[in-house]
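Below is one structure; the comments refer to it alone.
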Amino acid sequence: MARPASLGGPEFIIAVMFAARGKGVAAIGTLIASKVNQWSLLVGSLPVAHFLGGGPSSLALDSRQVEEFTLTATQTLLGVAIILALRFHWWSAIGLAALFGVQFLITDTTGRYVLSAIHLALTIGFLVAHRHSILPTLVAPFHEQPAVDQDEPKTVMDTHA
């Protein structure tokens with residue numbers, strides 16, 4: 001399910017600006033919000049818009065669209081599995097960027113499904129590696145924690161307290 005690059009550009013640029021200013025939490029939050037928006041609003045509204053525009057109640061996808069949807073879904077699952085422990089390491093970022101770039105070099109159907117299978121295999125590996133973080137991560141949004149701005153550097157006073 002490819003969407004125009006212009007739709008993904010603004011969030012990416014803002015995330016890069018946050019990261020360049022040392023605000024990693026804000027950068028990751030921007031990218032996660034963008035992905036949630038893509039899956040809930042963009043993908044979820046397509047069949048509704050199709051129906052309201054006079055189309056049938058289901059939106060038929062051709063083989064290329066199924067391929068793109070599968071690739072996007074497996075990339076999303078991999079991204080979630082990687083950040084499940086609420087840590088995002090530089091090697092994970094490089095790996096994700098490399099896999100993302102490879103998809104543009106692979107244009108045949110079989111190759112794209114193989115890439116999706118690689119995403120799934122890596123997802124399973126990260127889920128196993130982060131298995132102890134799954135439950136704490138899922139319940140964390142429902143537990144109240146003191147507000148701490150992790151983006152602000154600690155002062156000498158903070159380190160001696």
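The values are calculated or read from the model by the stated rules, or taken from the named source; none is laboratory data. This is a predicted model, so every value here is computed, not measured. Cβ coordinates were reconstructed from backbone atoms using ideal geometry, including for glycine residues, and neighbour counts include every protein chain displayed. Accessible surface areas use protein heavy atoms only, side chains included; no ligands, DNA or RNA. Shrake-Rupley method; radii C 1.70, N 1.55, O 1.52, S 1.80 Å.
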- region 21-137 - charge dipole about Cα centre, Lys and Arg +1 at Cβ, Asp and Glu -1, debye rounded to 20: 520
- Note on the structure: Taking r as the C-beta separation of A97 and F69 and R0 as 30 Å, the FRET efficiency to the nearest 0.05 is 0.90
- Percent of Cα-Cα pairs per 5 Å bin, from 0 to the last occupied bin, for region 14-151, please list those. 2, 8, 13, 18, 18, 16, 11, 8, 4, 1, 0
- Message: Relative contact order of region 1-107, please, whole-number percent, based on alpha carbon pairs below 8 angstrom and at least 6 residues apart.
- Response: 24
- Query: Rg(Cα) of region 18-78 divided by 2.2 N^0.38 Å?
  - Reply: 1.49
- Task: Using packing as a proxy for protection, rank 37-44, 23-30 so that the peptide with the highest average count of other Cβ atoms within 10 Å comes first.
- Result: 23-30, 37-44
- Could you check how much of the accessible area of region 1-129 is carbon and sulfur, as a whole percent, using a 1.4 Å probe? 75
- Message: Starting from 0.36 nm per residue, how many nanometres of slack lie between V16 and F104 once their C-alpha separation is accounted for?
- Response: 29.5 nm
